[in-house]
Amino acid sequence: MNRRTKIVATIGPASDSPQVLQAMLRAGVDVVRLNLSHGPIDEHLARLELVRAASQAVARPTAVLADLPGPKVRAGRFPDGGTALVVGQLISLRPGVEPSAGDVITVDYPSLLADVQAGDRIVVGDGGITLRVIAGGDIALSAHVETGGLVQGRPGIHLPSERLRLAAPTDEDLVLAKAMAAAGVDFIGVSFVRDGGDIERVRAVTRPHPARLVAKIETIPAVANLESIIAVSDAVMVARGDLGIECALEEVPHLQKKIIRRCVEAGVPVITATQMLESMIVSPAPTRAEVSDVANAVLDGTDAVMLSAETAIGHDPVLVVTTMAQIAVRAETDANYAVWGEHLGRLLLRKPEGTSDRITQAITHACAQAAADVGAEAILCCTRSGRTVMAMARFRPTARLVGLSPDPATCRSLSLVWGVTPLHIDTYGSTDELVRFVVDSAVRHDLVTTGSIVAVLAGAPDRPSDAATDVLRLVRVG
């Protein structure tokens with residue numbers, strides 16, 4: 001199964017045994033997600049070690065994404081058994097941490113009365129219950145229930161993000177980011193990003209560790225500042241859950257396509273997330289709508305699709321991964337990647353960059369065309385940082401794409417990039433030696449066959465890691 005779209009899966013109580021995790025990796029998981037919103041940090045550090053051991057056991061490079069909680073506003077605890085909110089019911093919203101009861105909901109946000117205005121929509125929980133504020137006050141806000149339902153425990157309260165004073169990253173996020181980067185995670189997801197500065201604040205505490213930062217696009221300000229966020233991020237996530245609360249639901253598919261398109265153009269890996277196969281938390285088969293959702297994300301060009309509760313608490317995590325892999329493979333057979341590559345080539349001609357970027361863009365564009373012209377079986381990208389492989393992946397080539405690096409962390413990070421098979425290699429002293437040995441490595445790992453033509457992309461081995469890729473060779477194997 002030569003699947004090009006990558007799979008991100010969240011680990012949790014249903015999947016944190018060595019046996020289940022190894023089976024998930026064999027079924028197709030490329031990146032394992034740790035959801036730091038749930039459980040103590042020691043639990044996540046133990047799961048990080050579990051993933052490393054499982055990856056080694058199945059001989060499959062696997063990246064780990066630690067997802068920061070971000071700012072979270074919650075209601076005061078509801079009585080045991082929950083409280084039913086009925087459409088049209090008048091509700092009082094008061095700042096505080098006391099229990100909620102009857103028609104009074106307490107909210108652990110001190111600035112509630114100042115920051116929320118009449119006409120604002122407030123979402124309770126995961127979006128099933130909505131309230132509309134009708135009046136402010138000195139003690140409480142008054143709201144009508146627009147969409148009712150049963151509320152239990154301490155559900156999240158979603159307030160208008162453009163006025164929310166709980167900025168991301170929070171102090172807790174920064175502490176967690178520093179600890180997880182030091183522990184060696186490959187990616188850190190930054191929740192509720194509003195602009196590029198939020199990413200830079202996390203990067204300041206994760207240096208000098210090589211953890212790469214994933215900007216989660218889940219607020220209206222993030223959509224407005226998409227270009228600046230992409231420019232400073234190592235990857236992007238279309239976090240459709242909170243994004244669908246922030247904006248009208250009918251806008252979400254269009255925003256998804258826009259974000260994916262811009263990320264692919266920029267050579268920044270993009271993950272499509274939230275409720276992709278959610279019915280499989282309890283069901284052995286997805287709904288038809290979920291299958292279409294996953295397939296459409298693949299057709300949009302996403303680098304990866306993500307599973308959350310499906311693998312964290314679902315009844316059969318391995319089956320979920322297998323199902324998602326099958327859907328992705330089928331969708332890829334109808335994806336028009338050739339047209340995308342042509343579009344990107346025209347686009348790059350209109351966008352001058354720095355000298356190094358222009359050289360890398362030009363040579364990867366030439367490689368995509370040359371590989372298509374000669375029917376190359378594979379494109380072998382030699383890289384230390386991963387930049388060359390990501391630049392090449394933008395063209396969505398039909399040839400197998402192999403990313404070869406002497407850096408194990410780079411190899412793991414390439415597990416998130418569309419179409420890339422990561423492969424660890426040694427360092428070499430000359431370009432000729434490098435080309436010869438990467439081809440040999442690809443043959444030994446059954447990635448290319450004797451007699452086929454492969455394209456090799458590289459930079460001179462003695463140049464800095466951020467230097468432009470400037471070597472393209474077409475080689476007949478054997």
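What follows draws every value from the coordinates through simple rules; no lab data is involved. All of these numbers come straight from a predicted model, not from anything done at the bench. So basically every Cβ, Gly included, is an ideal-geometry build from the backbone, and we count neighbours across all protein chains shown.
Around L404, under 13 Å between beta carbons, what's the net of Lys plus Arg minus Asp minus Glu among the other residues?
In short, +1.
Can you grab the distance from the C-alpha centre of segment 20-71 to the C-alpha centre of segment 395-420, Å, no decimals?
19
Just grab the label-to-label distance for R165 and S142, each label 7 Å out from Cα along the Cβ direction, in nm (one decimal).
Using points 7 Å along Cα→Cβ, the separation is 2.5 nm.
What ranking of V8, V238 emerges when the number of other C-beta atoms within 10 Å of each C-beta is taken as an exposure proxy, fewest first?
Result, fewest neighbours first: V238, V8.
Please figure out what share of the DSSP beta bridges in segment 45-139 is antiparallel and state it in percent, rounded to the nearest 5.
Restricted to segment 45-139, the bridges split so that about 60 percent are antiparallel.
Alpha carbon centre of segment 192-212 versus segment 284-339: separation in Å?
29
For the chain, what percent of Cα pairs sit more than 31 Å apart?
45
Just the number, please: percent antiparallel of the DSSP beta bridges in the chain, rounded to the nearest 5.
35
Once every DSSP H run of n ≥ 4 in the chain is given -39500 (n - 2.57) and the sum is divided by its residues, what mean residue ellipticity at 222 nm do you get, rounded to the nearest 500 deg cm²/dmol?
One gets -11500 deg cm²/dmol as the mean residue ellipticity at 222 nm.
How would you rank S191, S161, S385, going from fewest to most other Cβ atoms within 10 Å of each one's own Cβ?
In order of increasing Cβ crowding within 10 Å: S385, S161, S191.
Given points 7 Å out from each Cα along the Cα-Cβ axis, report the S279 to A182 separation in nanometres with one decimal.
4.6
Expressed as a rounded percentage, what relative contact order does the chain have, with Cα pairs under 8 Å and six or more residues apart?
14
Most exposed first by the Cβ proxy, i.e. fewest other Cβ within 10 Å, how do R203, R262 rank?
Placing the least packed residue first, the sequence is R262, R203.
What do you get for the angle between helix 317-332 and the principal long axis of the chain? Use alpha-carbon atoms, 0 to 90 degrees, nearest ten.
60
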